[in-house]
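The values are calculated or read from the model by the stated rules, or taken from the named source; none is laboratory data. Note that the structure is a prediction, hence the values are computed from the model and not measured. Heads up, the Cβs are rebuilt from the backbone with ideal geometry, glycines too, and the neighbour counts pull from every protein chain shown. What goes into the accessible areas is simple: the full protein's heavy atoms, side chains included, and nothing from ligands, DNA or RNA. Shrake-Rupley method; radii C 1.70, N 1.55, O 1.52, S 1.80 Å.
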Amino acid sequence: FDLNDLLSEMQASDTVEAWMSAYAFQVFVPEILSALQQHTLFVPTDNAVDVAMDFMNLGQFDMLSIPDFPEIMQYHSVPGIWTVDDLEDGMNLTTVQGEELTVTVNAEGTFVDGARITQTGFEAFNGVAHVIDEVLAPSGLPAPHVWAWIQNSPNHTILEQAVAAAYLQEELSF
């Protein structure tokens, strides 16, 4: 019973709403899920993924085509087993991607890079999983698509109008 089996079980559960994130782990970082080395996964809820997709103006299948997606999923994984009881306020955990996650523990709960751990206690022989209420993103990722870059640029309003008039927003959103 490895992390891949654990995520499959979480997907089938009526009490865990993290189907999309479990699927993303299985597709983009299967080597982490079946490794003998132990890992801790921070698995965003489906609602958190929906919020991220809305923010980036992407559909579910568009989200999966982000070139940096494997790196983003690696950012949600930390080598070793870290239960909620092991996490201490102010500690940093180095992700598989290489950057650090900062842990905050206070009266409101346990947080990793600002994402609250909402469900825990999911265990496999090679790791544990915690469900979180936000999607984590390493610095600079995902890189904005061309349309978002145009929209956020105060120097490209005429270009933005021309792209919108030609109905090319979707074509520039990948």
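Given the chain, what percent of its DSSP beta bridges are antiparallel, to the nearest 5?
75 percent
Placing +1 at every Lys and Arg Cβ and -1 at every Asp and Glu Cβ, with all other atoms neutral, what dipole size does the chain have around its Cα centre, in debye to the nearest 20?
340 debye
Return one whole number: the accessible area per residue of the range 44-126 in Å², for a 1.4 Å probe.
The answer is 52 Å² per residue.
Using a Förster radius of 30 Å, what is the FRET efficiency between MET91 and GLN60 based on their Cβ-Cβ separation? Nearest 0.05, please.
So the FRET efficiency works out to roughly 0.35.
Tell me which residues come under 5 Å, amide H to amide H, from PHE122 once H is placed; ignore anything under 5 positions away on its chain.
ALA129
Once amide H atoms are built 1.01 Å from N in the peptide plane, which residues 5 or more positions from ILE132, or in another chain, come under 5 Å H to H?
VAL43, THR45, THR118
Ignoring ligands, DNA and RNA, what percent of the accessible area of the chain is carbon or sulfur (1.4 Å)?
The computed percentage sits at 52.
Run the quick spin-label model on ILE158 and LEU36: label points 7 Å from Cα toward the beta carbon, then report their separation in nm to one decimal.
6.4 nm
Of ALA24, ALA129, PHE69, which is farthest on the positive side of the dipole of the chain, counting Cα position, with +1 on Lys and Arg Cβ, -1 on Asp and Glu Cβ, and the Cα centre as origin?
Farthest towards the positive pole: PHE69.
Counting just the Cα atoms, what span does the chain cover along each of its three principal axes? Round to the nearest Å and put the largest first.
Principal-axis extents of the Cα atoms in the chain, largest first: 55, 32, 29 Å.
Compute the signed sum of charges (Lys and Arg +1, Asp and Glu -1) over the other residues within less than 14 Å, Cβ to Cβ, of GLN38.
-4
Which of the peptides 14-25, 62-73, 126-137, 150-161 is most tightly packed, and how do the rest follow, going by the mean number of other Cβ atoms within 10 Å of each residue?
In descending order of packing, they fall as 126-137, 14-25, 62-73, 150-161.
Quick one: Karplus J couplings for the range 49-56, per residue in order, coefficients 6.51, -1.76, 1.60, θ = phi - 60°, nearest Hz, x for Gly and Pro?
5, 4, 4, 5, 5, 4, 4, 8
Please state the relative contact order of the chain as a whole percent: Cα pairs under 8 Å, 6+ residues apart?
24 percent
Estimate the FRET efficiency between TRP19 and ARG116 by the formula 1/(1 + (r/R0)^6), using the beta-carbon distance for r and 22 Å for R0, to the nearest 0.05.
Computed FRET efficiency for TRP19 and ARG116: 0.70.
From the helices alone, meaning DSSP H stretches of at least four residues, give me the mean residue ellipticity at 222 nm for the chain, per-run term -39500 (n - 2.57), in deg cm²/dmol to the nearest 500.
-9500 deg cm²/dmol
Please find the FRET efficiency linking ILE81 to ASP5, where r is the Cβ-Cβ separation and R0 is fixed at 25 Å, and quote it to the nearest 0.05.
The value I calculate is 0.95.
What is the gain in length, in nm to one decimal, between GLU170 and ASP68 on full extension, counting 0.36 nm per residue of separation less the C-alpha to C-alpha distance?
34.8 nm
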